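Below is a structure I'd like to ask you about.
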């Protein structure tokens, strides 16, 4: 008896985000991209070496995170009064003034979310090479999808620029070494987001599962996997 044709809804499909054309779900070859045949929108871009680049950029971001957190960003002096501003000084000031929700939001968006993003992407990029970490990597990808929108280093940087411009007329404003680390961390964070290809991680894990399934099916009955 001939096999029944596979129904179209049993295959994964992808809708174009521009024109809603329904297409077969596919992953672009490394170094290439997939385009919609109707509107030429980019459906998937697979940078060559995406996993390795994401791992390297995540580790670089972690190395830049701690100097950005501890070193002063700006120093302000007027007459005999002087103060240095670090990444956590603003959060402490908001807590001291009683703005608890605002302080918690600034702490999460400017400190915890970027740190969690670097940790998750580093774990995903390194852990997807091992079969035993497939389930934790799956959880980490899901957490990253929810967390990536909360990292707002560029908004914090915009606030620093506004303070640097508006308060420079009131006193002496000086850029400190922490600001350079913060700018470098912000650039690395954006590059990490661009280099990370979620589809490449899923495809790597799916290929590994298919290889395991083919090896198990080719084993003789009662055989053991070496």
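Values in this text are rule-based calculations from the coordinates and carry no lab data. None of these values were measured; they are calculated from a predicted model. For neighbour counting, all protein chains shown are included, and Cβ atoms are generated from backbone atoms with ideal geometry for every residue, glycine included.
List the relative contact order of segment 50-197 as a percent without decimals, with contacts defined as Cα pairs under 8 Å and 6+ residues apart.
45 percent
May I ask you to give the average projected area over all directions of the convex hull of the Cα atoms of segment 50-197, in nm² rounded to one decimal?
One quarter of the hull surface, i.e. the mean projection, equals 9.6 nm².
Another question about this same structure. Within 10 Å, count the other beta carbons around each residue, average over each peptide in 59-65, 88-94, and list them highest first.
59-65, 88-94
Using per-residue counts of other Cβ atoms within 10 Å, averaged over each peptide, order 108-116, 134-142 from highest down.
108-116, 134-142
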